[in-house]
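Just so it is clear, none of the values below were taken in a lab; they were calculated from the coordinates. Values in this document were obtained by computation on a predicted structure and should not be read as measured data. Cβ placement follows ideal geometry from the backbone for every residue including glycine, while neighbour counts extend to all protein chains displayed.
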Amino acid sequence: MWSWSRVCRLLAVLLVLGLTSVLVLGQVFPRNETLYVSGAAWGPPSDWNPFITWSKANTTGTIGLVYETLFMYDPLTDTLIPWLAESGRWVNANTYELKVREGITWTDDNPLTANDVVFTFQLAKMYPAIWFSPTWNYLQKVTQTGPYEVTFEFTANPLYQEWDNNLYNIAIVPMHIWQGRTEQEITSGMNPNPVGSGAYKYESHSEDRNVWVRNDDWWGTRLLGLNPAPRRIVDMRFSTNTVALGSVIKGDVDLSNNFLPGIAHLTQWGYVQTYFAGPPYMLSANTAVLFLNTTKKPMDDPDFRKALAFAINTPEIVRVAFADLVKVANPTGLLPSLEKYVDQDVVARLGFSYNPSRATAILASAGYKDIDGDGFVEAPDGSKIELEVTCPFGWTDWMEAIKIIASSARAAGINVQDKTPDYGAWNTALTTGTFDMTLNNWAGMSNTPWTLYNLLFRHPIQEIMGSGNFGRYDNPQMFALVDQLAATPSSDEAGMKAVCSQIQELMLTEMPMIPLWYNGLWAQWTNTCWTNWPTETNNNPIPVAGVSVKRLPSTWSGYWQMGGLLTLTQLQPTGACP
Amino acid sequence: MSRYFGRKLLVYSLTFFLAVTIDWMIPRFMPGDPVQTMLSRGMLHAEGLEVMYGYYTKAFGLDVPVWKQYLNFWNALFHGDFGTSVYLFPQPVIKVIMRAVPYDILLLLPAILLSWFAGNKFGALAARSRWLDNTVSPLGYILTATPYMWLGILLSWVFAIVLDIFPIAGAYSFAMTPHLSWAFVGSVLKHWFLPFVSLFLVKFGGWAIGMRNMIIYELEADYSHYLEALGAPRRLVRKYAFRNAILPQITGLSLDLGVIVAGALVTEVVFSYPGIGYLILQAIQNQDYFLIQGCFLFIIMGVLLANFAIDIAYVIVDPRTRLGMVGEGA
Amino acid sequence: MKKQKKHEILYFALRNNKVRFGFTIILFFLLLTFVGPLLTHYAPYDYVNPKGAQPPSAKHWFGTTMFGQDVFTQFVHGLRATFLVGAIGGALGTFIGIVIGFTAGYRGGIIDEILNMITNIVLVIPTLAILLIIAAYLTVRGILVESLFIGCTAWPWAARAIRAQTFSLRARDFVDLARLSGMKDWRIIFSEIAPNMMSYLLLVFILQFGGAILIAATLDFIGLGPTNAVSLGLMMNNAVLWGALLLGVWWWFIPPGLAITAIVGALYVTNVGLDEVFNPKLREM
């Protein structure tokens, strides 16, 4: 007969035995060697496959920390940084020669050579489900011309702008590991225990965290003299931003890349530091654009769209919805880091800013009048105007923003109501073009203005517009200009500027969508355990691989290779944390 | 008797079949397209979107007619295949669930059982002590009437931020990897404490009040007075009253245990505690057909098993119900 | 005779401390619902204070939110939503519970089994997913939709409780007598069984009322509440989303939760008090 006391005694003995015998395996990370970050992951870690792009926010180190790209890019100085590649150049209009850096090893000690680069590009040729396989529309051949030399041959019109973007976004994978894998494993495999070439290695994960451990054998230390300071990076995921805010206040997080509403207060109270000491506190990371459905009346009328642009009280959005954490966007929508492509003359002539009387004047001269006396204008043909502006429910800052958009439009006499459907419904309305007007910000920091224009004027117009031009603005002249920009070599800055100027002229005349404000590169950190974070006053260019570049305080997916990793190499432990 | 259980079994199988079918259907009525939603999270590099969309729609088996998807679903289910999660692609659903559920059991099982024991104990005591009734019962009312997240957030604010004695997030320290050591067990307990206490308090109030009212009913019932009049000792009368009062409480307990697999959504949100509840909400918001199906399959099984257990328990414990359950003339 | 009994109940109800206590609180908040909007000249979501979050003052009794909205205005408007959800959701839930419970308890047998099956299915279907579906076809959810939704999903326990009560009443002599006299089933239910359960049904309704308020608060909190209204739950949700408590803006977070606790607590206390009124034996306690 089993008695309770016997069971209890046995369990106790087992517990003690177990605890003492495996105590050795236990790991507690020393605080002074560990960097705690948060804000990138929106879900539990699911895979470490660099070819599955949409989940990379959840294991944000996969590209950048573990797998690396041929180049890195610094948006602040607009510089491509030779990384896995030692150099790369266009030898003629459609041949690109790449020299792979010698002396790089994978974490299993195999050397990284031209073989791996060619293999990675060949994968995309074989499997159309890999995100960069459309590159093969204009890429003809990739050949290995030496142990560390690769030659890319293109068709007559390579998309130079996109190519540069690829150079710092395509992660190179080790051929000796990936060549034996099936298509399914490559396009949909979890790729646990990834073998990369980067500064950190995968160590462990659980539902709410990723742990990356430093690769002490990293080539960057040997060849470039870069020393990532933290021995471990713990990337934490919180259920809500409120919990993230609490963790920041408690001092559990070193760098938080969450959108936290009270940052202005916390900065003033001395809890955290941000890139700028005052508004907007954050660098600008992407443009919030109000897409107008140009297939619906009256948004098919450029005059109406222009009036709307003048009617929206963006300064109020910045002040109330974002508490000065963001900045009013340039009318062209281009980020400050791409400012050199803004034609100031065009903006001065055609640009818009909040000006309700201007809005009513444009409406009046275009024939929009309040006929039935309800305080809202009717279309020139006398039909009533009732529009909705949407954003997904739960996106709190945007929900406040569209309230202001709607109320300022109403103040100018345009009847607009704000609606917040759930994400799925919103996404369907967005891609199938059934919305009236909606917010979207899918073009982030980039090496080229083409990234934004590719989002705004994506073509051809299809039944489902999954990746841009949601308002279905159909203008062959504009499409031709965007195509022309895509095919302009990035070395031809004057040529790029000329095309951009034409695009901006057309865009501000037609106003098919309205750029409103720049969302921030949300980043707030403490100087308790780690210091020397990049700020407006502490971001002198550092020499890396022959170029001088700046740092970005971000752990988001895609930002490790845009200055995030360099931030790690410049951090210093304060010694104040045990 | 065997006829009775046979019929019960039939009804429960039918319930299972219908419930699973409805749960299969519901996400498919939701607006939007799971693959589209999944890919839209990638945002960057949309060049190949159309091709990728076709590829992954096929990979999820969503390119065949709906009736065929339904047949495939049952077929896979009988082979123990729950499919692949869309939200956490490419993780298998069963793995996702198995990883999350232990946290819920760790949290909910003690919370449910301890609050049940303590609640019933206090309720029974309160029913015969004026003093206790005036102190514990009002507390019970306040606890059951408090919006749970409000209480949870207040607890978290006071103990994790102001007093800074408990952690604010996670199931164990972010500075540890799971292993067997006193430090790790201590860390797990420390992270577990606030979510547990919040659940315990709210549940405790409900059980205590239920028990208090039930006991008073029973003590005032005719049979109690009759027994007392016969000169039975008070202890015995109370014992009978307690026995009768505990029956509905057992029903409540088993139903509570039945939905244990559903996790504790609000707790997980407030304390950022990993578990299945928050996962289910995310799965629903991302239209993850397969994860939704998988989770609800377990919930259905839990609830039905609990109900079945109640049926059996009642027949055994309380012979009076036997007659009624079989029903006359039907 | 009957009238006298009514008076008697009223007499005991007014003398019962629990009922008095509960009723006072509920009446207070109910009054505030009607009078409150007259005391404020703001709209709930207007940005009335350019300074953002400010603690309670003579101008803004409950202070202002981070956006500079008046908390008191949101509070009194939110109260109305809370009472609406409780009343509509509670009434609907009770009604469905009554229909299913009476039928199952009185008829028994196979009908009981089928109704039990339906009850079980409602218990296990993913209600949140259904909310999302409803949301999709309405684009906007209002208070009414939320109330109806809560009513349609919260009835199973009421049905169970009523079924059990009906079950025990059915076996009583007067029901047998009615049946022998050839009365139709539904007439027996409404003329013989229901009146004997009137007090019980009222108690079920009160519990459903309070329950609906709490469920609504939870739905609001996880972001599935009304998308175009003001409610106490939404206030709490917004306060949490903008880190009110953590940033010291407690006057935004505390009042809605406290009000819900007070109202639901008062309902429960009233419930127990009324129980004592209806069951004279319990009064001796």
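Overview of results
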| quantity | calculated |
| --- | --- |
| Distance histogram in 10 Å bins (all Cα pairs of region A:385-527, percent per bin) | 10, 34, 34, 18, 4, 0 |
| Share of pairwise Cα separations in region A:500-560, more than 16 Å, in percent | 68 |
| Spread of Cα-to-Cα distances over 10 Å intervals beginning at zero, given as percent, for chain A | 3, 16, 25, 25, 18, 8, 4, 2, 1, 0 |
| Packing-based exposure ordering (other Cβ within 10 Å, fewest first) of A:Ile172, C:Ile143, B:Ile292 | C:Ile143, A:Ile172, B:Ile292 |
| Packing-based exposure ordering (other Cβ within 10 Å, fewest first) of A:Tyr168, B:Tyr12, B:Tyr70 | B:Tyr70, B:Tyr12, A:Tyr168 |
| Chain C - Kirkwood radius from inverse mean 1/r over Cα pairs (Å) | 21.0 |
| Eligible lysines near B:Lys190 by straight Cα distance, threshold 25 Å, same-chain separation 8 or greater | A:Lys250, B:Lys203 |
| Built amide H within the under 5 Å cut-off of A:Val549, gap 5+ | A:Ile542, A:Val544 |
| Using θ = phi - 60° and Karplus 6.51 cos²θ - 1.76 cosθ + 1.60, couplings along region C:216-228 (whole Hz; Gly, Pro as x) | 4, 4, 5, 4, 4, 5, 8, x, 10, x, x, 9, 9 |
| Net charge contributed by nearby residues that have their C-beta within less than 13 Å of A:Thr274 (K/R +1, D/E -1) | -2 |
| Nonlocal amide H pairs with B:Thr84, under 5 Å, H built at 1.01 Å | B:Val93 |
| Residue-averaged 222 nm ellipticity for the protein assembly as shown, from DSSP H runs of 4+ at -39500 (n - 2.57), nearest 500 | -16500 deg cm²/dmol |
| Å³ per residue enclosed by the Cα convex hull of chain B | 205 |
| Mean shadow area of region B:100-287 over all directions, Cα convex hull, nm² | 13.6 |
| Centre separation in Å (Cα based) which lies between region A:106-134 and region A:175-233 | 15 |
| Normalised per residue, the volume of the convex hull around the Cα set of region A:293-451 (Å³) | 127 |
| Over region A:71-178, volume per residue of the alpha carbon convex hull, in Å³ | 107 |
| Alpha-carbon Rg/Rh ratio, for region B:180-290, with Rh computed the Kirkwood way | 1.20 |
| Sequence-distant residues sharing a close amide H with A:Asn215 (under 5 Å, placed H) | A:Tyr200, A:Lys201 |
| Average other protein chain Cβ within 10 Å of Cβ, residues A:124-136 | 4 |
| Ratio of Rg to Rh over the protein assembly as shown (Cα coordinates, Kirkwood Rh, two decimals) | 1.00 |
| Other protein chain Cβ atoms within 10 Å, averaged over every residue that makes up B:10-23 | 4 |
| 10 Å binning of all Cα-Cα separations within region C:179-248, expressed as whole percents from 0 upward | 18, 26, 18, 15, 13, 7, 2, 0 |
| Rg over Rh, two decimals, region A:412-472 (C-alpha only, Kirkwood Rh) | 1.02 |
| Ascending count of other beta-carbon atoms within 10 Å, so fewest first, for C:His41, A:His205 | C:His41, A:His205 |
| Fraction of antiparallel bridges per DSSP, region A:284-520 only, in percent to nearest 5 | 75 |
